[in-house]
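Input: a single structure, listed below in structure tokens.
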Number of protein chains: 2
Amino acid sequence: MRQGFRSLAEFSDILQGLPAPDAAARVAASERDAQLTKPPGSLGRLEELAAWYCGWRGDPRAEIAAPQTIVFAGNHGVTAQGVSAFPPEVTAQMVANFQAGGAAVNQLARTVGARMDVLALRLEQPTTDITQGPAMSEAELVEALLAGWQAVDSKADLLVVGEMGIGNTTSAAAIALALFGGTAQEWTGRGTGVDGDALRHKAEVVARAVEVNKQCKNNGMEVLRCLGGRELAAMAGAMVRARVLRIPLILDGFICGAAAACLEAAQPGALDHTVAGHLSAEVAHPKLLEKLGKEPILSLGMRLGEGSGGTLAVAILKAALACHSGMASFAEAGVSDG
Amino acid sequence: MRQGFRSLAEFSDILQGLPAPDAAARVAASERDAQLTKPPGSLGRLEELAAWYCGWRGDPRAEIAAPQTIVFAGNHGVTAQGVSAFPPEVTAQMVANFQAGGAAVNQLARTVGARMDVLALRLEQPTTDITQGPAMSEAELVEALLAGWQAVDSKADLLVVGEMGIGNTTSAAAIALALFGGTAQEWTGRGTGVDGDALRHKAEVVARAVEVNKQCKNNGMEVLRCLGGRELAAMAGAMVRARVLRIPLILDGFICGAAAACLEAAQPGALDHTVAGHLSAEVAHPKLLEKLGKEPILSLGMRLGEGSGGTLAVAILKAALACHSGMASFAEAGVSDG
């Protein structure tokens with residue numbers, strides 16, 4: 001198994017050789033499901049999630065015992081354009097809050113029994129303002145991808161990746177616009193809470209960033225380098241490492257989805273080991289999930305980022321596998337099967 | 001505090017004197033929420049659930065430590081009309097499965113950390129076939145209500161009530177038709193899995209049951225007695241006991257909702273201490289929740305009953321309160337608040 005990569009070319013090689021799920025384990029999981037003490041189909045989405053998970057783990061009776069949430073943090077030069085309701089120093093302050101256990105995602109990780117890791121990526125060195133040029137050099141992109149790759153616990157059996165980075169909904173909107181077209185207005189949302197004139201200004205910044213970096217269009221990894229940020233690239237690196245390790249992954253909200261979309265653009269099918277944890281209240285998230293072909297598990301109007309919605313969805317996945325692998329069959333329980 | 005009741009009149013007295021939430025605790029909870037390290041509103045529905053829960057518990061920083069799921073089981077004379085895909089002996093077989101820990105709800109209760117209790121209600125004595133007359137006498141109704149009342153653990157801090165009873169979606173559809181009008185077809189669903197001609201026949205049985213018992217219309221407790229069943233009445237009794245103890249309650253699916261609707265008809269506001277745990281795939285559940293004014297927390301296409309969807313939603317409530325009560329404030333964490 002590949003231990004890492006030293007260049008974008010090596011990363012692209014990995015992307016082209018991603019493993020597939022274990023079809024036999026998935027079939028065996030569905031056969032088991034049909035024997036459990038419930039009417040067929042009555043656990044709805046939980047049944048589908050269990051079969052999908054068992055396929056990726058190669059185990060028809062898998063359970064989830066070691067979920068991991070990783071929060072990546074990065075700073076964005078585009079904050080100089082006045083795109084956020086919060087000042088850029090909040091990124092580092094929130095990293096300290098994650099480390100002290102005071103943020104929402106800490107409480108969520110504890111509730112669902114997930115290990116939580118925080119990785120701050122050169123916060124003292126924001127990416128280039130994307131209205132002025134590419135966010136990162138190729139070397140910076142590779143460094144961030146590798147940081148994500150290395151942050152994954154190889155013993156984890158479910159992964160959530162989240163982010164913190166003042167300015168990063170601007171980056172995510174620019175990525176979506178570059179990959180999927182449409183208008184800057186339709187991809188630009190409130191982020192931490194901008195509205196009215198500030199929101200219109202943010203959309204103009206997004207449009208300008210895509211125009212300035214227009215050479216990157218139609219190339220997923222170039223879009224990530226030119227319009228992304230270190231935390232977005234690290235999420236992408238972690239997603240690919242999870243795939244190589246056959247660790248199923250729960251996507252979080254809009255920013256995580258934008259990072260994922262770069263991978264899917266670079267290698268169709270690269271997200272087959274992922275599910276969408278939730279539908280965020282960030283305005284363009286429904287359209288982004290539609291582009292990715294992902295049906296969200298939860299829809300609770302959350303829009304916090306930091307892996308919060310994805311981590312909450314761990315509870316649903318755990319429950320799905322607990323039912324699938326813990327229930328008695330009709331024969332075991334002596335129940336008539338209709 | 002009332003220790004119980006000996007008659008329907010005494011139960012109705014309790015219904016008329018239900019306690020309200022603690023408005024001051026709810027306000028204090030909202031004030032706390034505004035200081036937490038997140039943009040205002042960014043936890044969406046979790047914030048609203050936390051404030052609601054704190055109000056009912058009278059504690060602005062409440063957590064959930066002792067949830068309880070109770071599954072009530074009863075048998076229905078209307079199974080003689082051929083309304084279910086499963087034979088009536090499955091009710092008792094599934095009770096044994098619950099007791100042995102092999103059902104879906106056992107796995108879900110374990111996953112969310114809920115105590116689980118099972119109460120079988122005179123399974124050897126099915127209710128009267130509702131196409132022939134009232135399901136229960138007044139004495140039988142009171143006995144079942146009281147069984148539910150007594151099953152609630154007074155130390156619980158969150159309650160889920162669920163049911164098992166072959167034939168009880170027929171009963172629930174008849175209740176909905178009697179309370180809300182419309183046609184038998186629109187309230188009658190697949191239950192454990194009837195379809196085509198069998199589903200049309202089931203709707204005819206529902207229509208006949210409501211016609212035979214038409215004197216009960218517009219009287220919530222009479223609808224419950226005439227068209228319900230022991231497990232539905234027990235769920236209603238447990239709901240009222242939870243209210244008296246100020247234990248917030250998560251409603252499960254269509255059958256649980258039908259039992260709840262009888263209480264709301266008898267005493268508007270009787271369900272203020274409840275939330276809808278999930279939207280079930282049973283066809284009339286969306287309309288029933290609309291009538292009750294409840295927005296479901298989850299929507300995963302589940303249609304199993306036995307408290308499964310409600311128990312899964314415990315994970316969301318726990319997470320909401322963990323965030324609310326465990327997060328640091330901007331001041332505590334030294335984070336700039338925008």
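Since every read-out is calculated from the coordinates, none of them should be taken as a lab result. Treat the numbers as computed from the prediction; the structure is a model and nothing was measured. A quick note on method: Cβ atoms are made from the backbone with ideal geometry, for glycine too, and the neighbour counts reach across all protein chains shown.
In terms of distances greater than 30 angstrom between alpha carbons, the cross-link table entries A:217/A:294; A:155/B:294; A:202/B:287; B:38/B:155 yield A:155/B:294; A:202/B:287; B:38/B:155.
3J(HN,Hα) along the range A:215-231, derived from phi through the Karplus expression 6.51 cos²θ - 1.76 cosθ + 1.60 where θ = phi - 60°, amounts to 5, 7, 3, 6, 9, x, 6, 6, 4, 5, 5, 7, 10, x, x, 4, 6 Hz, with x in place of Gly and Pro.
Between this copy and the others, label points of residue A:291 are 4.3 nm apart in ascending order, each placed 7 angstrom from Cα in the Cβ direction.
Distant-in-sequence amide contacts of residue B:166, defined by a placed amide H-H separation under 5 Å and a gap of 5 or more residues or a different chain, comprise B:91.
Within the straight-line cut-off of under 16 Å between alpha carbons, the aspartates and glutamates reachable from residue B:291 are B:186, B:252, B:264, B:272, B:282, sequence neighbours fewer than 8 places apart in one chain being disregarded. Counting Cβ atoms of other protein chains within 10 Å of each residue's Cβ and taking the mean over peptide B:293-300 gives 4. Which residues does a label at residue A:287 reach in the range A:225-261, if reach means a backbone N under 18 Å from a point 7 Å past the Cα toward the Cβ? Within reach of a label on residue A:287: A:253-261. Across the range B:66-318, Cα pairs under 8 Å and at least six residues apart give a relative contact order of 26 percent.
Near the amide H of residue B:251, within less than 5 Å, lie the amide hydrogens of B:275, B:276, B:277, all on another chain or at least 5 residues away, with H placed in the peptide plane. Amide H to amide H distances under 5 Å link residue A:117 with A:69, A:70, A:71, where only residues 5 or more positions off or on other chains count and H is placed in the peptide plane. Peptide B:312-321 has a mean of 5 when you count, residue by residue, the C-beta atoms of other protein chains within 10 Å of its C-beta. Reducing the range A:53-115 and the range B:168-211 to their Cα centroids gives an inter-centroid distance of 47 Å. Read phi for every residue in the range B:198-207 and hand back ³J(HN,Hα) as whole Hz from Karplus 6.51 cos²θ - 1.76 cosθ + 1.60, θ = phi - 60°, with x for Gly and Pro. Karplus values, whole Hz, x for Gly and Pro: 5, 6, 4, 4, 4, 5, 5, 5, 4, 4. Measuring from each Cβ of chain B to the axis that turns chain B onto chain A, the shortest distance belongs to B:315, 2 (residue, then whole Å). Solvent-free Debye calculation, one equal scatterer per alpha-carbon of the protein assembly as shown: log10 I(q)/I(0) at 0.05, 0.09, 0.10 Å⁻¹ equals -0.25, -0.76, -0.91.
Only lysines eight or more places from residue A:318 in sequence, or on another chain, were considered; those with a Cα closer than 16 Å are B:318. Scalar couplings 3J(HN,Hα) for the range A:286-302, obtained by applying the Karplus form with A = 6.51, B = -1.76, C = 1.60 to θ = phi - 60°, are x, 5, 5, 5, 4, 4, 7, x, 10, 9, x, 7, 10, 9, 10, x, 7 Hz; x denotes Gly and Pro. Distances between equivalent label points of residue B:113 across the copies, with each point positioned 7 Å along Cα→Cβ, amount to 1.1 nm, shortest listed first. Taking every pair of alpha-carbon atoms in chain A, what share in percent sits in each 10 Å bin, from 0 to the bin with the longest distance? Calculated P(r), rounded to whole percents: 6, 27, 34, 20, 8, 3, 1. Mean separation of Cα pairs under 8 Å and 6 or more residues apart, divided by the residue count, gives the range B:173-216 a relative contact order of 46 percent. For the range A:1-58, just run the numbers: alpha carbon Rg, then divide by 2.2 N^0.38 Å, N being how many residues it has. Relative to the rule-of-thumb radius for its length, the range A:1-58 sits at 1.64. Model label sites at residue A:35 and residue A:155, defined 7 Å from Cα along the beta-carbon direction, differ in position by 3.2 nm. Ordered by the count of other Cβ atoms within 10 Å of each Cβ, fewest first, A:6, A:303, B:115, A:230 give A:6, B:115, A:303, A:230. Approximating the spin labels as points 7 Å out from Cα along Cα→Cβ, the residue A:195-to-residue B:139 distance works out to 6.2 nm.
With label points defined 7 Å past Cα in the direction of Cβ, position residue B:133 shows copy-to-copy spacings of 9.1 nm, given to one decimal and shortest first. Judged by a Cβ-Cβ distance under 4.7 Å, the unpaired cysteines of the protein assembly as shown are A:54, A:256, A:262, A:323, B:54, B:256, B:262, B:323. Rounded to 0.05, the FRET efficiency of the residue B:331 and residue B:217 pair, given R0 = 45 Å and the Cβ-Cβ distance, is 0.20. Averaging 1/r across all pairs of distinct Cα atoms in the range B:136-243 and inverting the result yields a Kirkwood radius of 14.5 Å.
Between the alpha-carbon centres of the range B:229-249 and the range A:246-325 there is a gap of 36 Å. Between the Cα long axis of helix A:45-57 and the first principal axis of chain A there is an angle of about 80°, rounded to the nearest 10.
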